[in-house]
1. For residues that are hydrophobic (A, V, I, L, M, F, W, C) and crowded, with 18+ Cβ neighbours inside 10 Å, scanning just the stretch 58-70, find the one that is nearest to ALA109 (Cα to Cα).
2. Please state which one of LEU152, LEU174, LEU167 is in a helix (DSSP H, G or I), at pLDDT below 90 and surrounded by 18 or more Cβ atoms within 10 Å (Cβ to Cβ).
3. What number of residues in the stretch 211-269 are under 17 Å from the mean Cα position of the chain (by Cα) and charged (D, E, K, R)?
4. Restricting attention to the stretch 12-37, and to residues there that are touching a Ser or Thr at 6+ places or on another chain (Cβ under 9 Å) and surrounded by 20 or more Cβ atoms within 10 Å (Cβ to Cβ), which single residue is nearest to ALA70 (Cα to Cα)?
5. Which ones in the stretch 49-100 are in contact with an Asp or Glu (Cβ under 8 Å, 6 or more places away or on another chain), among the charged types (D, E, K, R) and over 30 Å from GLU170 (Cα atoms)?
6. Taking interchain pairs and intrachain pairs at least six residues apart, which have beta carbon atoms under 6 angstrom, with the first residue in the stretch 253-282 and closer than 24 Å to ARG196 by Cα and the second surrounded by 15 or more Cβ atoms within 10 Å (Cβ to Cβ) and of a type in the set (Val, Ile, Thr)?
7. Are there any pairs with C-beta distances below 6 angstrom linking a residue in the stretch 182-193 that is farther than 10 Å from ILE256 by Cα to a residue that is surrounded by 12 or more Cβ atoms within 10 Å (Cβ to Cβ), with the two at least 6 apart or on different chains, and if so which?
8. For the stretch 179-194, state whether one or more residues are modelled with pLDDT under 90, buried (at least 17 other Cβ atoms within 10 Å of the Cβ) and hydrophobic (A, V, I, L, M, F, W, C).
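The values are calculated or read from the model by the stated rules, or taken from the named source; none is laboratory data. Predicted, not measured: the structure shown is a model, and the values here were computed from it. Using ideal geometry, Cβ is built from the backbone for each residue, glycine included, and neighbour counts are taken over all protein chains shown.
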Amino acid sequence: MAGEQGTPETRTRLYRRGTLVGEDFPVEQISEYLAEPDTVVWVDLCAPGDAIVTLVADELDLHDLAVADAVSTLQRPKLDRYANHDFLNVYAVRLDRVTGRLALSELSAFITPRALVTVRKDPSFDMEGVVEHWDQSPDLAVHGVGYLLHGLLDHVVDGHFEAVQSLDEEIEKLEDLLFDDESRSTDVQRRSFELRKSLVTLRRVVLPMREVVNSLMRRDLKVISESMVPYFQDVYDHVLRATEWTESLRDMVTTILETNLTIQGNRLNVITKKVTSWAAIIAVPTAITGFYGQNLPYPGFAHQSGFIVSSLVIVGMSVGLYVTFRRKDWL
């Protein structure tokens, strides 16, 4: 049973009484295993074709609308209820620290009382991390689908939290860049827009997760057992923290952009003040030499004393203006 291999695009696991007893069996055998008592099945489909999706849907009697959502892309994070199963759609995230861009990996899941079917839209979703999470807590496997679902959501939400933490670190670097002695306004502005765009994308992914996890914990839906509620409550707490952190970081990036504009304005004022001060100093010799350059008799005309006096006046007034502007911090 455990030695049979599924197709390359599928991965399967069989649990019996909380113990892993089989892997990589053909999806055609799902209904046979579920006919046995105390069994739980996990099926993973990676970028599946229509044939394999139809086969799994027939094996588990999945609703056509849910199947259509599972094979289509860009669904919002949600939890939909159907007669004999639930449909879940979530996004895993990864932050590229170099570009500041957030990469999304969409995953859909069918949740039945004794089976969990995950549908990855592309191979970038880290399903190995989910499996490792399950294998690290085998004692919880007795809780069936709730155990599998918790491992999946905990891995996804941890990825959200890591992305928020990474964005926070990048924003701290941006703050240091903002007050660098060397003006790097263009770099700050470009990086701010990159991080803000990633935060907006992350918010669209993280914010709906509050409703998703909260709905799973509702006792009237009976998706998870009472024993698994504290574990899902922990996931919900992480979702809330990631959401609040994302919102605060968005405000922080907005503040950085506004501060950058303010700093640019202050620097422009300083430059304008310095240029005006130097222009006033330069105007003094221009005015005096212009006066003494008149083609009219004046005191010292055609004498060396006139040149000496005009030079002393130029130097004296220029120095006087320079000292005055320095005292007023205009230079």
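1. The first filter runs over the stretch 58-70 and keeps only residues hydrophobic (A, V, I, L, M, F, W, C), leaving 60, 62, 65-68, 70.
Adding the requirement that they be crowded, with 18+ Cβ neighbours inside 10 Å leaves 60, 62, 66-67, 70.
Details: LEU60: 13, LEU62: 11, ALA66: 9, VAL67: 10, ALA70: 8 Å.
Filtering first and then ranking leaves ALA70.
2. On the way: LEU152 fails: at pLDDT below 90; LEU167 fails: at pLDDT below 90.
The unique qualifying residue is LEU174.
3. Number satisfying all stated conditions: 5.
4. Step one: list which residues in the stretch 12-37 are touching a Ser or Thr at 6+ places or on another chain (Cβ under 9 Å), which gives 14-17, 21-27, 29-30, 33-34.
Those left that are additionally surrounded by 20 or more Cβ atoms within 10 Å (Cβ to Cβ): 14-15, 25, 27, 30, 33.
Values: LEU14: 22, TYR15: 24, PHE25: 22, VAL27: 17, ILE30: 19, TYR33: 23 Å.
Among those residues, the one meeting the criterion is VAL27.
5. GLU59, ASP69, ASP80, ASP86, listed by residue number.
6. Final answer for the pair search is ASN260/VAL188.
7. ARG184/LEU177; SER185/GLN264; ARG191/LEU174
8. yes
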